1. Can you tell me the orientation of helix 365-375 relative to the chain, as the angle in degrees between its alpha-carbon axis and the longest Cα principal axis, to the nearest 10?
2. Fewest to most neighbouring Cβ within 10 Å: what's the order for CYS8, CYS177, CYS187?
3. Which of the lysines could a cross-linker bridge to LYS271, judged by Cα under 16 Å and excluding same-chain residues fewer than eight apart?
4. If one computes the Cα centroid of segment 41-100 and of segment 308-367, what distance in Å separates the two points?
5. Note the angle between two axes, namely the Cα long axis of helix 257-271 and the longest principal axis of the Cα atoms of the chain, as a number of degrees from 0 to 90, rounded to the nearest 10.
6. I need the phi-derived Karplus couplings for segment 230-246: 6.51 cos²θ - 1.76 cosθ + 1.60, θ = phi - 60°, integer Hz, Gly and Pro marked x.
7. Could you pull out every one of the lysines with an alpha carbon less than 19 Å from that of LYS226, ignoring same-chain neighbours closer than 8 positions?
8. Within the chain, what's the longest stretch lacking GluC sites (Glu not before Pro) that sit in DSSP loops with no more than 10 other Cβ atoms inside 10 Å?
Amino acid sequence: MKKRRKICVVVTARPSYSRIKSALTAIKDHPSLELQLVIAGSALLDRYGNAADFIEKDGFKAVAKVFMVLEGENPTTMAKTTGIGVMELTNVFYNLQPDAVVTIADRFETIATSIAAAYQNIPLVHIQGGEVTGSIDEKVRHANTKLADLHLVSSNDARERVIKLGEDPEKVINTGCPSIDLVKEICFEEQLTFDPIKKYGGVGENLNWKGGYAVVMQHPVTTEYKKAREHITETLEAINKLDYPVFWFWPNVDAGSDGTSNGIRTFREMKKPQNIHFFKNMDPLDFLRLLKHSKALIGNSSVGIRECSYLGTPVINVGNRQNRRLRGNNVVDVTHDRDEILKAIRAAIHSEKYPSLNIYGDGDAGNKIANLLAKTELSFSKTISY
C-alpha cells in the first residue's frame, strides 16, 4: 500500500479555523492523506473564545498544542509571540516529520509556521495568499507567499498577484476559500435555527431579536493600535443610538486588542447599553447562520468582505483594516465617525439582501485542496521567474 502523505495544518486563531475547516475534513477523509492538526496561539485561549473547544467538538484531534501568546496586545508582544512560535513549532515539525505544512492567511502567528517549516526544508503550502489589506497583515501574507512552495489562493485576483510576486504559475492554484464551503452548507436555511443567547450565553441584555438584529465584529487596526479605544468608542456610540438589537463579538488578539476590549468593558459598565449582547466566540456554522439572517454586519472583519459577499448580507466596513481587499457591492465603507457609522447602519437595516457573489469560490474548496495535496509534487525548491 502506498504511504499516505502526512499533512500538518497549523490553526493559530479563531478565524483561521473557519477558513480551513472544510479542508481539514477533506484531508482527514482522503485515503492518500494523514492529517496532523496542530492548534496554537490564541486558538487555545479562553479570553478569545478558545477555538480548540469547537475544533475538538467537530471531531478533530490535535497531535500537538502550542501555547505561544504573550500578554500585552502591542507590536512588541506580537513580535515576541512570533519568536516563541518559531521555536515551539520547529520542535513540533521535527517530531512529526510531515510531508508538508499548511499555513493559513495572514495572522501574525502564521509567519512562525512558515519560518519553522521552510528552514527545515519541509514543503510549505499557503492558503489564501495574494490578498491585500494595507496593514501588517498584508506584509505577513506576502512574506508567507515567498516562503511557501504551493499557493492555494481564493480568487483570480489573488492568483495574479502571487504570480506577479515571482511565483511559478503552475504552483499557484485558485481553489476558492474553504470558508465559502461552510456558507454554502447553510445558505438555504430560511430562518435562524437556534437562540444565540440561550445557546452561547454571553454578557448583556436578553434581547428581543426575532424581529431583526445586526452583528458587530470590530478588531483593532495594528498599524493604528494606539487609537483602538478611540475607534471602538465611535462604533459603540453609534450602536447605542441605534435602538436596534445587536450581537457583538470580541476582538482578535492583535496589537491594540487591549484598548478595544477595555473600551467595550468601560462603555458597558458606564452606559449600560440596552440593545447589545456580547459574545466571545461561536461555532463557525452558527456564526454564519447568524450573519445570514442579520440585517447587517458592522466592523472591520474580513468575514464581511469574504463570506458576506456569498451570503449577500449588507456590510458596514469601518476604517481601513480591509483596505484594497476584493469586495462585492454589499460593502459600504465608512470612517471611524459615529454619525457616519450610524447613518450607514440605518440605511443597511432597511435595505434588501444583495445577490450572492462567488468571487471567493463556489463552495468546494476543501475537496480541491485535499486532492491537490494528494496529487501535487511537493518540493521545497522553487522555480522562480522574476
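1. That works out to roughly 10 degrees.
2. Sorted ascending by nearby Cβ count, the order is CYS187, CYS8, CYS177.
3. Hits, sequence-local ones excluded: LYS241.
4. Their Cα centres are 30 Å away from one another.
5. Helix 257-271 sits at roughly 20 degrees to that axis.
6. Karplus values, whole Hz, x for Gly and Pro: 4, 4, 5, 5, 4, 5, 4, 5, 5, 5, 5, 7, 6, 6, 8, x, 9.
7. By straight Cα distance, LYS226 reaches LYS80.
8. 191-351
No lab work stands behind these numbers, since they all come straight from the coordinates. Keep in mind it's a predicted model, so treat the numbers as computed, not measured. Because the Cβ atoms are built from the backbone with ideal geometry, glycine has one as well, and the counts that use them run over all protein chains shown.
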